[in-house]
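The values are calculated or read from the model by the stated rules, or taken from the named source; none is laboratory data. Bear in mind the structure is a predicted one, so any value in this text is a computation, not a measurement. Cβ atoms come from the backbone with ideal geometry, glycine included; neighbour counts cover every protein chain shown. SASA here: full protein model, heavy atoms, side chains in, ligands and nucleic acids out. Shrake-Rupley method; radii C 1.70, N 1.55, O 1.52, S 1.80 Å.
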Amino acid sequence: MDATIRLEELASHPEYLSIEGMAGVRLDLRYASADNFVGRDLYGPSARALLHSTAAERLARAAGELASRRAGYRLRVFDALRPGRVQRVLWDIVKDTPQRIYVADPARGSIHSFGMAVDITAEDQTGRALDMGTGFDDFTERAQPQQEAEMLARGLLSDAQLANRRLLRGCMEAAGFRGIATEWWHFEAADRDWVRAHMRLIE
């Protein structure tokens with residue numbers, strides 16, 4: 001089996017689904033705009049929000065879980081399937097900087113580039129994003145789940161901000177996603193080593 005599959009082939013690929021219009025989910029694709037740490041649109045006008053069917057089904061469950069816990073709340077997706085070609089652009093920008101820990105080396109493959117990860121937050125019934133203490137793609141310790149206890153003790157995160165993160169994590173974990181230690185917004189639908197060993201990268 002080939003190690004990669006082209007993004008252009010996914011429209012007719014049964015394993016990949018669009019999440020546009022999914023109940024309880026709103027799209028805010030940051031790399032399809034200039035509202036990201038790079039400051040430009042990396043996806044172009046034909047950007048589509050796709051996930052592998054496993055991740056898409058779990059996302060639908062997570063949205064339902066959030067709605068059951070907080071009536072009228074929705075998930076807001078910042079990034080879904082990220083083609084390898086875009087991953088290489090991000091890597092070239094950060095590979096010689098301290099921010100390299102936040103971007104997977106495309107030689108190994110970002111879990112986004114298999115369609116098995118989402119970057120996400122939650123919003124309330126008015127459409128306002130919940131306060132998580134930092135924005136998306138914040139490259140500071142305040143954004144790291146592994147640092148939350150220390151950030152709370154130092155007054156750099158509040159109890160309310162941590163409660164919002166726990167709400168998001170709880171819904172995503174209940175649906176079968178796993179978070180990571182360095183980004184509160186990033187969730188994966190399967191073990192990353194298994195994904196890299198058994199799935200095809202999207203180019």
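Tabulated data for the structure shown
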item	result
Highest-fluctuation residue, 84, 72, 24 considered, GNM on the chain with Cα pairs under 10 Å	72
Residue 200 long-range amide H proximity, modeled H, under 5 Å	none
Choice from 49, 11, 117 showing the highest fluctuation, given a GNM over the chain with Cα pairs closer than 10 Å	11
Rounded to 5, the percent of DSSP beta bridges in the chain classed as antiparallel	75
Most mobile listed residue (145, 106, 45) in the chain, GNM with C-alpha springs under 10 Å	45
Structure-derived percent of Cα pairs over 32 Å apart - corresponding label in (i) 35; (ii) 18; (iii) 12	(iii)
Portion, in percent, of the accessible area of segment 1-155 that falls on carbon or sulfur, probe 1.4 Å	46
Cβ charges +1 (Lys, Arg) and -1 (Asp, Glu), total dipole of the chain, debye	180
Rounded accessible area per residue of segment 7-166, 1.4 Å, Å²	48
